[in-house]
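Here is the structure we will look at.
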Amino acid sequence: RRGMNKKLSGDIFIELQPGWVIVQDNNPLKKAPVRNNAILSPLMIWGEGIAKARIDRKIKATEIAPTLAYIMRIRPPNGCKETALPEVVR
């Protein structure tokens, strides 16, 4: 109020590290999503030691990073909640 001008004030951006979540317990405007807006597309993985397979299920985007980390033999990112695709890990 004192010394603040709406036309001159800036915005605050908060960038969270993986695993951190902003929680607003008393948010009355919180609504559930109405529909899924994802675009279905194929996922193809080629490489040495990867057997040919066809997976006829929906794969979550969060399963891709741990799978690629497994193939490259490195640790998955810290924020991963999913595991590598079992069809590739065999």
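The values are calculated or read from the model by the stated rules, or taken from the named source; none is laboratory data. Not measured: the values here are computed from a predicted model. Positions of Cβ are backbone-derived with ideal geometry, glycine not excepted, and every protein chain shown enters the neighbour counts. When the accessible area is computed, the model is the full protein with side chains, heavy atoms only, and any ligands, DNA or RNA have been set aside. Shrake-Rupley method; radii C 1.70, N 1.55, O 1.52, S 1.80 Å.
Restricting attention to segment 24-46, the residues that are modelled with pLDDT of 75 or more and either exposed (fewer than 10 other Cβ atoms within 10 Å of the Cβ) or farther than 15 Å from Val88 by Cβ (or both) add up to 5. Considering the conditions (1) in a loop (DSSP other than H, G, I, E, B); (2) open to solvent by less than 100 Å² (accessible area, probe 1.4 Å); (3) in contact with a helix residue (DSSP H, G or I) (Cβ under 8 Å, 6 or more places away or on another chain), Thr67 is excluded by exactly one of them, (1).
Based on what the data block shows, is Leu16 surrounded by 10 or more Cβ atoms within 10 Å (Cβ to Cβ) and at pLDDT 85 or above?
Values: surrounded by 10 or more Cβ atoms within 10 Å (Cβ to Cβ): no; at pLDDT 85 or above: yes.
The answer is no for Leu16.
Within segment 70-82, restricting attention to residues that are open to solvent by 100 Å² or more (accessible area, probe 1.4 Å) and outside any helix (DSSP H, G or I), the residue that is farthest from Gln17 (Cα to Cα) is Arg73. Checking each residue in segment 47-59 for being surrounded by 10 or more Cβ atoms within 10 Å (Cβ to Cβ) and under 17 Å from the mean Cα position of the chain (by Cα) picks out only Ile59.
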